[in-house]
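Novice: Right, I'll just put the structure down here and ask away after.
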Amino acid sequence: MLNTTETKKGEFMYVCMLNPPYMPYFVRSARWQEVGKGGTLYYPIWLAYATGIVEQQHPTVLIDAPAKGWDSKTTASYIARKSFNLIIIETSFPSLKNDLTVADFLKKHTGAKVVIVGPPASIFDQKILKSSSVDIVARYEYDFTISDVANVLNSRGDLKSINGISYKCNSKIIRNPDRQWIASEELDTLPFVSSVYKRHLNIKDYFLSSSMYPEVQIFTGRGCPYQCTFCLWPQTFMGRAYRTRSVKNVVDELDYIAEELPE
């Protein structure tokens, strides 16, 4: 084992939010997953939103391996030098087998608790737990769920108190009730995702062929009632109930981006 990850009750968890290596320019956070055409690369936006919440209470690092051009060896080497207690790994349907291999390796060599998030986690939570060394699967929207996981693990509490997760307990798989969708008023309480980009990412790594460069991606709402066949978000991640941020909250973030992020 490369490092020890045990914490004493009351200490901080050291959290790694990982968009794991796969193919160069592979996009997990779009409505469909693929290697971006023409250099397109989306921000790891869902991981970034969760990072903004978790880092309010625990030291947190957001790693976007595809954006950095890191392969599995480079990523594992970096993580092995740290003493993470909790590793959150985003997955997608095309990359699921690869991502679970990464999870198994990191679990073996760090001893950290490993959590899988992303659309496959909502559908295949029990299969993921049965076929890998993953400790916890967070289903659907996981912003507050991951914060709860970090807090409960840190306090040696009971995972039964956290809705929206499945986990292993004495060789059994426990599936807690689903978590309610984040309400509109709760969206305004989330830290600006653009501030997370500023602290953890290089915005010049990201590119959309239909946008000016550099560009910044944010969400002003969640949920979608429509039935687009190419989009997996409503049924596997954020539901169909449409929720929105307030106009003031969105404008405040646009002001933040204009003032704080480079052109």
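The values are calculated or read from the model by the stated rules, or taken from the named source; none is laboratory data. The model shown is predicted, which means the values in this text are computed figures rather than measured ones. Every residue, glycine as well, gets a Cβ built from its backbone with ideal geometry; the counts of neighbours run over all protein chains shown. The area values use the complete protein model at the heavy-atom level, side chains included, leaving out ligands, DNA and RNA. Shrake-Rupley method; radii C 1.70, N 1.55, O 1.52, S 1.80 Å.
Novice: Report in % the part of the accessible area of the chain that belongs to carbon and sulfur, leaving out ligands and nucleic acids; probe 1.4 Å.
Specialist: Carbon-and-sulfur percentage of accessible area, whole number: 54.
Novice: So, by mean Cβ neighbours within 10 angstrom, what's the order for 161-167, 172-178, 126-132 with the highest one leading?
Specialist: Listed from highest to lowest mean packing, they are 161-167, 126-132, 172-178.
Novice: Could you tell me the calculated FRET efficiency between LYS127 and ALA30, based on Cβ-Cβ distance and R0 = 30 angstrom, to the nearest 0.05?
Specialist: Computed FRET efficiency for LYS127 and ALA30 comes out at 0.80.
Novice: I would also like to ask the following. Principal axis lengths of the range 128-263 from Cα atoms, whole Å, largest first?
Specialist: Largest first, the range 128-263 extends 52, 36, 30 Å along its Cα principal axes.
Novice: Considering only C-alpha atoms, what is the centroid distance from the range 233-263 to the range 115-192, in Å?
Specialist: Cα centroid of the range 233-263 versus Cα centroid of the range 115-192: 23 Å apart.
Novice: Run the simple label-point estimate for ASN170 and ASP104 please: 7 Å along Cα→C-beta, distance reported in nm.
Specialist: 2.7
Novice: Hey, what's the chain come to in accessible area per residue, 1.4 Å probe, Å²?
Specialist: Solvent-accessible surface per residue comes out at 47 Å².
Novice: Also, quick follow-up: Expressed in nm to one decimal, what extension gain is obtained for the pair SER161 and ARG81 from 0.36 nm per residue of sequence separation less their Cα-Cα distance?
Specialist: In short, 25.6 nm is gained.
Novice: I'd like the projected area of the chain, averaged over all directions, using the convex hull of its alpha carbons. Report it in nm² with one decimal.
Specialist: Computing the convex hull of the Cα atoms and averaging its projections yields 13.7 nm².
Novice: Okay, moving on. Need one number: nm distance between label points at GLN217 and GLU186, each 7 Å from Cα along Cα→Cβ, rounded to one decimal.
Specialist: Modelled inter-label distance: 2.3 nm.
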